[in-house]
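Student: Sharing a structure with you now.
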Ligand code: GLY
Ligand code: MN
Ligand code: MN
C-alpha cells in the first residue's frame, strides 16, 4: 500500500472525528511465547490501516486542526545498540519522512505529552476494552486533566467507540486493496494447487501443510492469515482442526483450509479432495452437493442483495440435496425452517474478508441484513460434515467432511471470485492429481446477472 492511501484514510477519519475530537490508536502489544521468545509481532489492523507503521510500541494520535500537525506518531527512538540486537527502527525522523507523521515523539514520553493533546478536546475516539493496560493509561491521562479543572483546563466529556467509523471504512475496499487481495488470493490458490499435486496416501498432514507454507513464503507472503487446517478423513469433520499431525489414508478425503497474509491482507481458501486422487461415489455425491450450494451462494453475491442471501441459497441447495440422498427426511420447507441441516452444516456460509480473516464491518444495520455494495469482500464457504457414528446415517457417509471456500468481491454488476485460480470441479481435481494438468477447467472468476 502506498503512502497516499494511508494519508487518504487518515483524512477521511479526521473528517468524521471533527475539530473538537481526538482519535487515539495503539498498535498491538508484543506477546511472550515462552522464555526469551516472543510471538512474531504483527501490527494491529486498525492501527496499520491508518499508519502503515509496522513496528511495535507505537501509538497514533489524530488531532484534526492542530496547528503543529494533525497526525502524531509516538514510537521507539533510534538506538544503535538495540538495533544491533533486535533489528532496525524508523525512529522519530523515519516516522515523519517515511510514514508521513506530521510530528513524532518517543513512546517513552507519551505520559507527558498526551494529556496536553487531550486538553480542550470534547470527544475521544478510542477502542475501549481491547487492551486493558492501555485503557488504564487513557483514563489516567483524562483524570490528570480533570484534576486541573480549577486551572481552567477542560477534559474531554465524551468517549466514542472508534471501531464503528473505522470498521465501516475498512469494509469498502479501494482499488489498491483489491489488487493486494487478488495477489493474496493468487498465492493461496497456487498453494492449494501444489497441495493437491503432492498429496499421496501415507503422507502426514503436516507434510502437506509444509507445501502450503513453502508456496506462501516463496511468493512473499511470510505468514498464513490463520493457522492452516489440514485434516484427513475424520479430522475434516472438526471445523477448527489444527493439529495436522495424522497420516493421510487411502480412501479418505483431505480438507485444507489455508490462506496467506500478503501485505497485511488475508486470503481464505478451503478445498477438499481425495487423498488417493479419486472420489468414491459417496464422497463425490456429497462433494457435488456442496459445490452446487457454493455456486448457488456465489450467484447471490451482487449489489442490492443482502448479506444473508448467499447463506439462504446455500442452505436451500444443501437441504434439498440431503433430502434427496436420504440424509434428511421430511418436507423441504420445514427442514429449512427447523434448521434440520444444522446437524451436518453447523456454520454460516461466509464472513467479511480483509486485513483480518474474519474482517470487521457490521452484518446488520439495525434489524436488517446489510445490503451488498461494490468493494465489499466476503468468503463463500458451505460445507457438510458427517462424523463416524452419526446416528441413523449409513456407514458409507461416515467421516466425510467437505468445505469449499472462495473469496468473492462484490463488483458493480455482480461479483468476482478472487480465488478462481484453484480448481474445484471434481473431474478437474482428479485430472490434476493424476498429473494431467489442465487450465481449461479453472473455476469461474466472474458471476454476473
Ligand atoms: N479459516 C477460517 C474460516 O474459514 O473462517
Ligand atoms: Mn472463512
Ligand atoms: Mn477458511
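The values are calculated or read from the model by the stated rules, or taken from the named source; none is laboratory data. These figures come from a predicted structure and were not determined experimentally. So basically every Cβ, Gly included, is an ideal-geometry build from the backbone, and we count neighbours across all protein chains shown.
Student: Check off (1) within 19 Å of the chain's Cα centre (by Cα); (2) away from ligand 2 (no atom under 16 Å from the Cβ); (3) crowded, with 16+ Cβ neighbours inside 10 Å for residue 205 and give me the number that stays unchecked.
Tutor: (1)
Student: Out of everything in the range 70-112 that is in contact (Cβ under 8 Å) with a residue 40 or more places away in the chain and in a helix (DSSP H, G or I), what residue ends up being farthest from the chain's Cα centre (by Cα)?
Tutor: So, considering only residues that are in contact (Cβ under 8 Å) with a residue 40 or more places away in the chain and in a helix (DSSP H, G or I), the one farthest from the chain's Cα centre (by Cα) is 110.
Student: Residue 327 is checked against (1) surrounded by 20 or more Cβ atoms within 10 Å (Cβ to Cβ); (2) part of a loop (DSSP other than H, G, I, E, B); (3) within 16 Å of ligand 3 (Cβ to nearest atom) and fails just one. What number does that condition carry?
Tutor: (3)
Student: Additional query: Based on what the data block shows, is residue 376 at pLDDT 95 or above, within 16 Å of ligand 2 (Cβ to nearest atom) and surrounded by fewer than 16 Cβ atoms within 10 Å (Cβ to Cβ)?
Tutor: For residue 376, the condition - at pLDDT 95 or above, within 16 Å of ligand 2 (Cβ to nearest atom) and surrounded by fewer than 16 Cβ atoms within 10 Å (Cβ to Cβ) - is not met.
Student: Show me the strands (runs of 3 or more DSSP E) found entirely inside the range 351-410 where at least 1 residues are away from ligand 1 (no atom under 15 Å from the Cβ) and within 19 Å of residue 308 (Cβ to Cβ).
Tutor: Hits in the range 351-410: 406-410.
Student: While we're here: Looking at 242, 270, which is the one that is surrounded by 20 or more Cβ atoms within 10 Å (Cβ to Cβ) and either within 16 Å of ligand 2 (Cβ to nearest atom) or without any contact (Cβ under 8 Å) to a residue 60 or more places away in the chain (or both)?
Tutor: Exactly one residue qualifies, and that residue is 270.
Student: Are any residues in the range 313-324 within 33 Å of the chain's Cα centre (by Cα) and either buried (at least 23 other Cβ atoms within 10 Å of the Cβ) or under 17 Å from residue 393 (Cα atoms) (or both), and if so, which ones?
Tutor: Those that are within 33 Å of the chain's Cα centre (by Cα) and either buried (at least 23 other Cβ atoms within 10 Å of the Cβ) or under 17 Å from residue 393 (Cα atoms) (or both): 313, 314, 315, 318, 319, 320, 321, 322.
Student: Same structure again: (1) without any contact (Cβ under 8 Å) to a residue 24 or more places away in the chain; (2) within 16 Å of ligand 2 (Cβ to nearest atom): which one isn't true of residue 363, the others all being true?
Tutor: With respect to (1) without any contact (Cβ under 8 Å) to a residue 24 or more places away in the chain; (2) within 16 Å of ligand 2 (Cβ to nearest atom), residue 363 is out only on (1).
Student: Additional query: So how many residues does the range 282-294 have that are touching a residue at least 60 places away in the same chain (Cβ under 8 Å) and either more than 16 Å from ligand 1 (Cβ to nearest atom) or out of contact with any helix residue (DSSP H, G or I) (no Cβ under 8 Å at 6 or more places or on another chain) (or both)?
Tutor: 8
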